[in-house]
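Peer 1: The structure follows.
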Amino acid sequence: MAVVVAAARFWGPSRGLGQAALLALRRPGARGLARSHPHRQQQQQFSSLEDKPQFPGASAEFIDKLEFIQPNVISGIPIYRVMDRQGQIINPSEDPQLPQEQVLKFYKSMTLLNTMDRILYESQRQGRISFYMTNYGEEGTHVGSAAALDNTDLVFGQYREAGVLMYRDYPLELFMAQCYGNVSDPGKGRQMPVHYGCKERHFVTISSPLATQIPQAVGAAYAAKRANANRVVICYFGEGAASEGDAHAGFNFAATLECPIIFFCRNNGYAISTPTSEQYRGDGIAARGPGYGLISIRVDGNDVFAVYNATKEARRRAVAENQPFLIEAMTYRIGHHSTSDDSSAYRSVDEVNYWDKQDHPISRLRRYLLGRGWWDDEQEKAWRKQSRKRVMEAFEQAERKLKPNPNLLFSDVYQEMPVQLRKQQESLSRHLQTYGEHYPLDHFEK
Amino acid sequence: MNLFQSITSALDNSLAKDPTAVIFGEDVAFGGVFRCTVGLRDKYGKDRVFNTPLCEQGIVGFGIGIAVAGATAIAEIQFADYIFPAFDQIVNEAAKYRYRSGDLFNCGSLTIRSPWGCVGHGALYHSQSPEAFFAHCPGIKVVIPRSPFQAKGLLLSCIEDKNPCIFFEPKILYRAAVEQVPIEPYNIPLSQAEVLQEGSDVTLVAWGTQVHVIREVASMAKEKLGVSCEVIDLRTIIPWDVDTVCKSVIKTGRLLISHEAPLTGGFASEISSTVQEECFLNLEAPISRVCGYDTPFPHIFEPFYIPDKWKCYDALRKMINY
């Protein structure tokens, strides 16, 4: 206290002006402009001699004890779950009590995705497609969240959210078409496999750079708010991407501009080979939320009902209150990062097996279904056979199709083709007339 | 109107005509550090003209998202010198959105505006002309006006163009350049260079502030050397109007290109390379580039750094005597 009093005396002679200037700054919107007369403000706001902080930058009390805030990573933000690992509901009041048909759709979406993943991963190993990324272990995060949204809610993903599209009934043919880059690919063969996009299903085309979608999703949410669309935007990203500057930018913009957006972080333990211990030192991603002013929650990503409940409530409030929500879904990446990765180089087979056998979103939901009498071994066998057959048919069809006409190399750079680019297109055309035998033209549509 | 007023006028027209249009960036709410957005927040509301946090990568990423959602996004980057944090969003995202999605998605309704070029005392970080970095990026358009009348028409075209555009505004002209500008909206086409003055002996090409320098050089050439110059304002950097420039060089046989940005890798290199391919046999002399030096933009040495009329005149004289 003595220090404060001494300071007041030191600054005494100029204090009146100083205080007035601070008060002038304090009104939001008055920053940088001399809108109100300082003396009038002084009389309005400064009615007592109480020694309260006047800083525009924080709403807080003074403290006279030197105390640092210790980050708490030992007992971090708790993980919300509805089912235990055996698929038993823990607290009946949290059971979303979804109808059988819907829960079966959850199960079939997750397992169909799993089947497609196995076949397409294998097809890369056999040299049929150039690249693939599986979703093993994270199917619950996709399906639980997708089910909690409206079909018209806009989705910005990173690259490991195929289950969202699967839940929205994106046909197997089109998944495959994109991976094969064939004539049926709506993306016109421009990108590597798994870079899906679908306008009718409101799933923005995936791009490889990480976290770039985060501030974009915020902008889309702002536009939805202005349009009174009653839509939410959901933005998926991994815990690694959350280290990018774009993530920081997106969180801050969403909060300051009051956007109806759900930030959904899939914390799966690894960014390629980098474990979370090398990705961050704080309490994961959920703990960053409050720092930005975001309402945040951490959930068990392998519990499809927990993911569903959290996303459902976040959606309701994001739209009603025009504010962002942050959901950190804890999960585990059972597969390799991609077909270019062999994760045995940086983690043990035992670790992977634990998650595959003891805590898998598909197993947990299956146990729930069995417990409800909504599923049995017969149906499981029949479904496995049927889903595999469906995937194989789509796969064989995709294999047989031609690739798009090479002219599609040149379109869509701009809405209209620039003169100079057309000249380049003509130049390739002439080149192929002479040297065409050295190019794989037989595989491409004429 | 002066240049900043012509910008305000264009923005006013845009927000009046297009109910989805929004303007955002650092300090735009109170009118902007160069007064380009004065009065717009009061007129159109705080949901349409608003400040963002201080984060260029966020500003552009956010703008892309607004455009992807179908609304018109007019983003401001406070100085072109600070556009680099947004480079990834511009080059890897905005420019490639339509192509990579097979035209399922695009951010064509995004326009990024930014003050550009030397201002007398700006030094390294308030004087840059970064158009060359973006010229190398198919998928965006880069536009630079020379005057208030040009600025309004070109900016309106950028905003209405169905491709993401970067509009650089020569800051030294904000107050200094004054001319008659219609209050109603009008468009000046993109990717079309303008021949300001016809001539027969030398073609002079520039953009932005430098157009006024080469105009003066054209007068000097006429007066002192009896040389007739064709003066071209390029206006759009990419996609650029190759035909107008080549047609001129075929006629004159000599080309001088001038820009403030450093010589190496500057946009004059692209023009020079293309013209020598297309007009090789018509050239009477090597193509001349009069540009900034290959240094960061200095403070106290600015008068020596910039490609002023004496340097351009000297280069022209050497070309004539080649």
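Peer 1: Tally up the residues in segment A:148-165 that are hydrophobic (A, V, I, L, M, F, W, C), open to solvent by less than 10 Å² (accessible area, probe 1.4 Å) and under 24 Å from A:Asn230 (Cα atoms), please.
Peer 2: So the count comes out to 5.
Peer 1: Further question on the same structure: Regarding B:Arg98, is this residue more than 14 Å from the chain's Cα centre (by Cα), under 23 Å from B:Asp18 (Cα atoms) and modelled with pLDDT of 95 or more?
Peer 2: Spelling it out, B:Arg98 is indeed more than 14 Å from the chain's Cα centre (by Cα), under 23 Å from B:Asp18 (Cα atoms) and modelled with pLDDT of 95 or more.
Peer 1: Are any residues in segment A:134-166 within 18 Å of A:Glu200 (Cβ to Cβ), touching a Phe, Trp or Tyr at 6+ places or on another chain (Cβ under 6 Å) and within 14 Å of chain B (Cβ to nearest Cβ), and if so, which ones?
Peer 2: Answer for segment A:134-166, where residues must be within 18 Å of A:Glu200 (Cβ to Cβ), touching a Phe, Trp or Tyr at 6+ places or on another chain (Cβ under 6 Å) and within 14 Å of chain B (Cβ to nearest Cβ): A:Val155, A:Gly157, A:Leu165.
Peer 1: Please find, within segment B:244-284, the residue that is nearest to B:Cys229 (Cα to Cα) out of those that are open to solvent by less than 10 Å² (accessible area, probe 1.4 Å) and part of a loop (DSSP other than H, G, I, E, B).
Peer 2: Restricting to residues being open to solvent by less than 10 Å² (accessible area, probe 1.4 Å) and part of a loop (DSSP other than H, G, I, E, B), the top hit is B:Gly253.
Peer 1: Considering only segment B:65-111, state which residues are touching an Asp or Glu at 6+ places or on another chain (Cβ under 6 Å), touching a residue at least 40 places away in the same chain (Cβ under 8 Å) and within 7 Å of another protein chain (Cβ to nearest Cβ).
Peer 2: B:Arg98, B:Tyr99
Peer 1: If you don't mind, there's one more thing I want to ask. Considering A:Ser340, A:Ser344, A:Ser363, which residue is modelled with pLDDT of 95 or more and open to solvent by 90 Å² or more (accessible area, probe 1.4 Å)?
Peer 2: A:Ser340
Peer 1: Name every residue in segment A:199-213 that is in contact (Cβ under 8 Å) with a residue 24 or more places away in the chain and either at the interface with chain B (Cβ under 7 Å from one of its Cβ atoms) or small (Gly, Ala, Ser) (or both), in order of residue number.
Peer 2: The answer is A:Val204, A:Ser208, A:Ala211, A:Thr212.
Peer 1: Can you tell which of A:Thr276, A:Thr256 is open to solvent by less than 50 Å² (accessible area, probe 1.4 Å) and either over 15 Å from the mean Cα position of the chain (by Cα) or within 14 Å of chain B (Cβ to nearest Cβ) (or both)?
Peer 2: Sole residue among the options that is open to solvent by less than 50 Å² (accessible area, probe 1.4 Å) and either over 15 Å from the mean Cα position of the chain (by Cα) or within 14 Å of chain B (Cβ to nearest Cβ) (or both): A:Thr276.
Peer 1: Right, here's the next one. Mind counting the residues in segment B:120-138 that are more than 16 Å from B:Asp241 (Cα to Cα) and either of a type in the set (Gly, Ala, Ser) or in contact with a Leu (Cβ under 7 Å, 6 or more places away or on another chain) (or both)?
Peer 2: So the count comes out to 5.
Peer 1: Among the residues in segment B:113-134, are any at the interface with chain A (Cβ under 8 Å from one of its Cβ atoms) and part of a loop (DSSP other than H, G, I, E, B)?
Peer 2: There is no residue in segment B:113-134 that is at the interface with chain A (Cβ under 8 Å from one of its Cβ atoms) and part of a loop (DSSP other than H, G, I, E, B).
Peer 1: Test B:Ala29 against the stated conditions and say whether it is within 9 Å of chain A (Cβ to nearest Cβ) and over 28 Å from A:Asp153 (Cβ atoms).
Peer 2: Considered against the rule, which asks whether it is within 9 Å of chain A (Cβ to nearest Cβ) and over 28 Å from A:Asp153 (Cβ atoms), B:Ala29 comes out as yes.
Peer 1: Now a separate question. Please verify whether A:Gly238 is modelled with pLDDT of 95 or more, farther than 30 Å from A:Lys403 by Cα, open to solvent by less than 10 Å² (accessible area, probe 1.4 Å) and more than 10 Å from every other protein chain (Cβ to nearest Cβ), treating the condition exactly as stated.
Peer 2: yes
The values are calculated or read from the model by the stated rules, or taken from the named source; none is laboratory data. Quantities reported herein were computed from a predicted structural model and do not represent experimental measurements. Backbone-built Cβ (ideal geometry, glycine too); neighbour counts: all protein chains shown. Just so you know, the surface numbers come from the protein's heavy atoms only, side chains and all, with ligands and any DNA or RNA stripped out. Shrake-Rupley method; radii C 1.70, N 1.55, O 1.52, S 1.80 Å.
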